[in-house]
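Heads up: the structure comes next, in C-alpha cells.
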Amino acid sequence: MTHDLAFLHTLASNVDVFDALVAELRPDLQVRHHVADHMLNEARRTGMTPELGREVQTLMADLSSTGARVVVCTCSTIGVAAEATDTAERFVAMRIDRPMADRAVVLGPNVLVLAALASTFGPTRALLEDSARRARVPLALEERLVDGAWPHFERGDRDGYYQVIAEAITPGLARFGAIVLAQASMAPAADRVRDLAVPILSSPRLGVQAAIGRLSNRP
C-alpha cells in the first residue's frame, strides 16, 4: 500500500487524534503511522543524544518508503532531530509544532509555554527562539510546568489530564500575547478554557494544516 502522509508518534493515543484531523481536512489521503514510545522515555532520561537523533531520522526516512511525500514527527521532545532529517529531497520532514511556534512569535513578544512534561521545555524553547529569529521579531518567554497533569495521562485518565491543564490557564495570564501548549496531547484542554482573551495555541490542527499544504505543493 502506498501512503501520501506519514506520522511518527511517541504516544499511541496520538494515532486517533491525527487520523481524525486528516479525515476532517483531507479524507482522500492515505496515512501511515508509527509509534515509537521508547524514544520519549529515552529522551526524558538522557536528553537528545546523537544516537537517539540518528534513530529518529532513520525512522523518518523509513516512513517515507511507502510513498509519503510529507513525514511529520508529532513529539516536541524529539522534533529537532526529526526536522533535521536528510531527506535527499525525496520527502518533506516536519515537526508538528513548527507552525504553532511560527504563529506564537508573531502574536508575542510575550509568550507563555505550558507543558505537562519538563523534558519538553528545552526543545520548545529552542524552537520558539528559532522561529523568532526567522521572523525577526523580539521574544520574551515564560515557562510553567502544569504540576499533577502527567500522572493523569499515564493512568489513562484523559478527562483529568485535560482538566488540570485547563485549570492552569487562568485570567491572570491575560498579559501574554499567546499561550503555547507544548505537547500535542494537551490540545483538547484549550476547549475547556472560557473567557480568556489570549490565543491558546496547540500543535495538532496547525501542524496537520501545514503538512497538507506542503503535500499540495509537492510534485
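Checked against the criterion of being open to solvent by less than 70 Å² (accessible area, probe 1.4 Å), at pLDDT below 95, farther than 20 Å from residue 95 by Cα and in a helix (DSSP H, G or I), segment 159-177 has at least one qualifying residue. Scanning segment 8-43 for residues that are among the acidic types (Asp, Glu) and out of contact with any Leu (no Cβ under 6 Å at 6 or more places or on another chain) gives 16, 19, 24, 28, 37. Filter segment 178-219 down to the residues that are assigned to a strand (DSSP E or B) and either among the small types (Gly, Ala, Ser) or in contact with a Ser or Thr (Cβ under 8 Å, 6 or more places away or on another chain) (or both) and list them by number. Matches in segment 178-219: 178, 180, 181.
Restricting segment 26-40 to residues that are among the hydrophobic types (A, V, I, L, M, F, W, C) and closer than 22 Å to residue 91 by Cβ leaves a set whose member that is most open to solvent (accessible area, probe 1.4 Å) is 35.
Selection over segment 1-14 of residues that are in contact with a Cys (Cβ under 9 Å, 6 or more places away or on another chain), not aliphatic (A, V, I, L, M) and not in a helix (DSSP H, G or I) gives a count of 3. Applying the set (1) farther than 13 Å from residue 78 by Cα; (2) in a helix (DSSP H, G or I); (3) touching a residue at least 60 places away in the same chain (Cβ under 8 Å); (4) open to solvent by less than 40 Å² (accessible area, probe 1.4 Å) to residue 17 leaves exactly one unmet item: (4). Flag: residue 23 matches the condition of being among the small types (Gly, Ala, Ser) and open to solvent by 10 Å² or more (accessible area, probe 1.4 Å). Among the residues of segment 181-219, those that are more than 18 Å from residue 114 (Cβ to Cβ) and either within 10 Å of the chain's Cα centre (by Cα) or crowded, with 24+ Cβ neighbours inside 10 Å (or both) comprise 208, 211. Only one entry in 58, 46 is surrounded by fewer than 13 Cβ atoms within 10 Å (Cβ to Cβ), under 17 Å from residue 91 (Cβ atoms) and without any contact (Cβ under 8 Å) to a residue 60 or more places away in the chain, namely 58. Pairing residues of segment 127-150 that are within 27 Å of residue 164 (Cα to Cα) and assigned to a loop (DSSP other than H, G, I, E, B) with residues that are open to solvent by 60 Å² or more (accessible area, probe 1.4 Å) and of a type in the set (Val, Ile, Thr), at Cβ distances under 9 Å and at least 6 apart in sequence or on separate chains, gives no pairs at all. Scanning segment 93-115 for residues that are open to solvent by 10 Å² or more (accessible area, probe 1.4 Å) and of a type in the set (A, V, I, L, M) gives 93, 94, 106, 107. Here residue 138 passes the criteria (1) touching a Lys or Arg at 6+ places or on another chain (Cβ under 9 Å); (2) at pLDDT 95 or above; (3) of a type outside the set (Asp, Glu) except the one numbered (1).
Please report, ordered by residue number, the helices (runs of 4 or more DSSP H) entirely within segment 47-118 with at least 1 residues that are modelled with pLDDT under 95, within 13 Å of the chain's Cα centre (by Cα) and hydroxyl-bearing (Ser, Thr, Tyr).
none
Of the residues making up segment 20-40, those that are hydrophobic (A, V, I, L, M, F, W, C) and touching a residue at least 24 places away in the same chain (Cβ under 8 Å) are 21, 22, 25, 29, 31, 35, 36, 39, 40.
The values are calculated or read from the model by the stated rules, or taken from the named source; none is laboratory data. This one's a predicted model, so the numbers in the text were calculated from it and none came from an experiment. A quick note on method: Cβ atoms are made from the backbone with ideal geometry, for glycine too, and the neighbour counts reach across all protein chains shown. With ligands, DNA and RNA removed, areas are computed over all heavy atoms of the protein, side chains included. Shrake-Rupley method; radii C 1.70, N 1.55, O 1.52, S 1.80 Å.
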